[in-house]
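The values are calculated or read from the model by the stated rules, or taken from the named source; none is laboratory data. Here the structure is a predicted model, which is why all the values come from computation and not from measurement. Glycine gets a Cβ as well: all are built from the backbone with ideal geometry, and neighbour counts include every protein chain shown. Only protein heavy atoms, including side chains, enter the accessible area calculation; ligands, DNA and RNA are left aside. Shrake-Rupley method; radii C 1.70, N 1.55, O 1.52, S 1.80 Å.
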Amino acid sequence: QSLTATTFPYGRPVLWDNEEGTIVNNESEEILRMIDSEFGRFEGPGDSATPRLYPEELASEIEKVNSWVYDNINNGVYKCGFAKSQAAYDEAVESLYAHLDKAEGILSKQRYLCGNQLTEADVRLFMTLVRFDEVYVVYFKCNKKPISAYPHLTNYMRDLFQTPGLGDSVNMEHIKRHYFTSHPSLNAYSVVPSGPGVLEDLKQPHDRITKFAT
């Protein structure tokens, strides 16, 4: 299906084939793994240090982590934001914060979610955490506790943000403009809040490397 229609039955992210003029994939989890595996052959001589985000020896642990992170955190913020009843919101927000506490506990003992190696589980959690204080605290009513109040999650975010290539993928202006102008039922006048400036904090030093040196 080419990009000639004026209305699109798909959204982002999209992996696009320029030669064939077609969508290859529109599922973020599958695209992440395709880039990690099939695209490895396109790496140049200077790319030998590129980490494998889904190493076979950690596959089982990654799947376990992805399961609770997705259901309770990645998707959990949406369950809070789009809850249609107080009971649904209360259940969602309790689960969200229980699993943020779980992640905080894990990251107090090891550098990454699956040990001392960066994996796709970390990338997937990071994308929600980096939006949390800027968007979800206000927009999705996830205001019981900001990520900045979690010392280990905060340092973990700094570690990931300062990982080459990962922080460069975050365009906070675009993220906020997209969220705060996309749902009239949540923000009728599309007013975009000015703070709190999370990206500046993520540039600060962290202790993850020295704390978990092997």
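Among the residues of the stretch 152-168, is there at least one that is in contact (Cβ under 8 Å) with a residue 12 or more places away in the chain and small (Gly, Ala, Ser)? Checked against the condition, which is being in contact (Cβ under 8 Å) with a residue 12 or more places away in the chain and small (Gly, Ala, Ser), the stretch 152-168 yields at least one hit.
Here Ile175 fulfils each of the conditions (1) touching a Lys or Arg at 6+ places or on another chain (Cβ under 7 Å); (2) assigned to a loop (DSSP other than H, G, I, E, B) apart from (2). Every condition in (1) touching a Ser or Thr at 6+ places or on another chain (Cβ under 9 Å); (2) among the β-branched types (Val, Ile, Thr); (3) over 19 Å from Ser95 (Cα atoms) is met by Thr163 except one, and the failing one is (1). Only a single criterion out of (1) more than 16 Å from the chain's Cα centre (by Cα); (2) under 23 Å from Thr119 (Cα atoms) is not satisfied by Val93, namely (2). When the stretch 147-164 is filtered for residues that are assigned to a loop (DSSP other than H, G, I, E, B), over 18 Å from Ile106 (Cα atoms) and open to solvent by less than 50 Å² (accessible area, probe 1.4 Å), only Thr163 remains.
Which one is farthest from Gly167 (Cα to Cα), of the residues in the stretch 188-200 that are open to solvent by 60 Å² or more (accessible area, probe 1.4 Å) and under 19 Å from the mean Cα position of the chain (by Cα)?
Residue satisfying both the conditions and the ranking: Pro196.
When Lys109 is tested against (1) open to solvent by less than 50 Å² (accessible area, probe 1.4 Å); (2) over 17 Å from Val69 (Cα atoms); (3) not β-branched (Val, Ile, Thr), only condition (1) is not met. Total residues in the stretch 77-93 satisfying the condition of being of a type in the set (A, V, I, L, M) and exposed (fewer than 14 other Cβ atoms within 10 Å of the Cβ): the figure is 2.
If only residues of the stretch 112-138 that are farther than 15 Å from Val69 by Cβ and among the charged types (D, E, K, R) are counted, the one that is least open to solvent (accessible area, probe 1.4 Å) is Glu134.
Being under 17 Å from His183 (Cβ atoms) and exposed (fewer than 14 other Cβ atoms within 10 Å of the Cβ) is the requirement here; does Lys141 meet it? So Lys141 fails the test.
The condition (being closer than 25 Å to Ile147 by Cα, at pLDDT below 85, open to solvent by less than 90 Å² (accessible area, probe 1.4 Å) and among the polar types (S, T, N, Q)) is satisfied by just one residue among Ser28, Ser2, Ser37: Ser28.
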